[in-house]
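FYI, it's all coordinate maths here, none of it is from the lab. The model shown is predicted, which means the values in this text are computed figures rather than measured ones. Positions of Cβ are generated from backbone atoms using ideal geometry, with glycine treated the same way; all protein chains shown enter the neighbour counts.
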Amino acid sequence: MHGKLASTALLGFSAIAAAAPWGNSWSTTVSSSYSTASVASSTHSSVSASGTAIPPINDLDNISAADLAAIEQVAGGTLSNATGGAKPSGNSITSVAFVAFNELFEVAFFTELVYNITNNVHGFDHIPNRDSVLNILKVHLADEELHAINAIKAVQGVANTTIAPCQYTFPVTTFNDSIALASKFTDVVLSTLPDIQTIFAQNNDAGLIRGVGSVIGQEGEQDGFYRELLGKVPAQLPFLTAGARNFAFNAINQNFIVPGSSCPARDTLLAGLNGGEGLKLFDVLNIETSASEFTDETDIEATFSVLTSTQQPAAQSFAVQSTPSNCLTYINQQNVPLQFPVTLELSGKNDGKIEFTAPFPGKTHFLNGLTIAVVTDSCNLTDVDQISEHTVFGPALIEVN
């Protein structure tokens, strides 16, 4: 998805034409090619529903009062003016920094989407109820900008660090694919923010919990709109799938940050802030089975793949070592994780690729909604925190209904 881009942190088509996303967890529902729409100056500001220019992503860390007021007008509400409490722990402020990292990615996505619809870019030029949909998406863009500003300012105030945008690529070329992608990454956000709240509680930073709770509700409202556009029931599940910040961090890093590009925010999160625990890098787990085969009406044997060695950012590489303790692990809804032992062995093709199979018991365990799949180095894990600690490859994201 490439139109006029809203930040110097976003690359034009010519710069990323060969930079396909590293995994295919997202491309099971979206195209892996790129739009050839012309790209204008990367300092362009998107336009709000009222015709007011919205600042580029790079300006969100030092936004003027007038620009903030313009965003608030579009969003229909204000940035919180609540005073801060006690200084948060390092683990909590690292989590807030992750929220900023995630929100900047979302701002970049919706900036491009709004531009492509506004300018009738091919693939975005025949949308039912176009004007109404466009105005709603402009509100969502403003919402995400306020979420980003809120988190960025918190990190600046506590850790004297600015979380800046990275260079992104979005593997979609049509409106429908874009909405499907927005729904999927919003599902991941909704799985992750409760983990952030848990980290706050564990570190005695209860004062931060309520604000994140308000964002969870707001993101859920957005996702219901995307699901309705896709012809689905707006509410996905009675209890949404549990997640962890490491899963969301790696999903963004593997699929949307241009490989090989500089991303200081990623480096900050890997190191941690104010003595907090840094986030972890996982290698890619690919889904080889077609997305249409995953249902809650049948049990199937699904095929996955990993590479024997993949160079990751921060000079980290992962070499596969097959052990009896490797498991393909599924997290679905708020249920006990499912684990299936797998053997990671070279195929003999000398291509560095390992394929393996594992059951996907969609019918037996009613695996509806979002399922997070990872390869772990232990098969005796009972909760999401343990799984995050023992993940080697992932996440692969499976959506049913």
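Which pairs, out of 280/363; 153/184; 232/363; 184/353, put more than 24 Å between their alpha-carbon atoms? Don't skip to the end; give the middle numbers.
Details: 280/363 33 Å; 153/184 27 Å; 232/363 20 Å; 184/353 26 Å.
Listed pairs above 24 Å: 280/363; 153/184; 184/353.
So if I place +1 on the C-beta of Lys and Arg and -1 on the C-beta of Asp and Glu, and nothing else carries charge, what would the dipole magnitude of the range 166-305 be about its Cα centre? I want it in debye, nearest 20.
560
Looking only at the range 107-149, which residues have a backbone nitrogen under 17 Å from a spot 7 Å from the Cα of residue 228 in the C-beta direction?
It comes to 128-141, nothing else.
Most exposed first by the Cβ proxy, i.e. fewest other Cβ within 10 Å, how do 195, 267, 131 rank?
So the ranking, lowest neighbour count to highest, is 131, 267, 195.
So what is the relative contact order for the range 98-152, in percent, with contacts set as C-alpha pairs under 8 Å and at least six apart?
Here the relative contact order equals 62 percent.
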